[in-house]
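Asks: Starting off with a structure, shown below.
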Amino acid sequence: MSCYLIKELLPLYIEGDCNADTNQYMAGHLHTCENCNQLYEEMKEPLPFIKPPEDLMPSMDEHEEKRKFEKRYYGKLLARACFMFGIVYVIMIILYWVK
Ligand SMILES: [Zn+2]
């Protein structure tokens, strides 16, 4: 395999889309070829910039908000279930007394 092919396969290799044999060959070539290894380092580098730490904070807040909302929602649901159960219980008692 030539350096040209290695460069073609680098994106797939970084994404982990290569099969085991290709991965092994890529790793071996990158270990011995300075040029391809440098390119590999440059190509895998931009990934952290897609998800900067600043972007992770609001999503965590958002997650916390969602959790609070769910807690409140299910709390309301539970209260309503208790209320419904109470009504059914009262109806049963009334029906018992009517009989
Ligand atoms: Zn190479």
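The values are calculated or read from the model by the stated rules, or taken from the named source; none is laboratory data. What you are looking at is a predicted structure, and each value in this text was computed from that prediction instead of being measured. As a convention, Cβ positions derive from the backbone with ideal geometry for all residues, glycine included, and neighbour counts pool all protein chains shown.
Asks: Any residue in segment 31-43 that's more than 14 Å from P11 (Cβ to Cβ) and touching a residue at least 24 places away in the same chain (Cβ under 8 Å): show its pairings with residues that are near the ligand (Cβ under 8 Å from one of its atoms) and in a helix (DSSP H, G or I) at Cβ separation under 8 Å, as long as the two are six or more apart or on different chains.
Replies: Between residues of segment 31-43 that are more than 14 Å from P11 (Cβ to Cβ) and touching a residue at least 24 places away in the same chain (Cβ under 8 Å) and residues that are near the ligand (Cβ under 8 Å from one of its atoms) and in a helix (DSSP H, G or I), the close pairs are C33/C3; C33/I6; N35/C3.
Asks: Restricting to segment 17-47, name every residue that is more than 15 Å from the ligand (Cβ to nearest atom) and outside any helix (DSSP H, G or I).
Replies: D17, C18, N19, E45, P46
Asks: So, in segment 36-90, how many residues would count as being among the aliphatic types (A, V, I, L, M) and modelled with pLDDT of 80 or more? Step through it out loud before you land on a result.
Replies: The initial filter retains those residues of segment 36-90 that are among the aliphatic types (A, V, I, L, M), namely 39, 43, 47, 50, 56-57, 60, 77-79, 81, 84, 87-88, 90.
The next check asks that each one be modelled with pLDDT of 80 or more; those that pass are 39, 43, 77-79, 81, 84, 87-88, 90.
The qualifying residues number 10.
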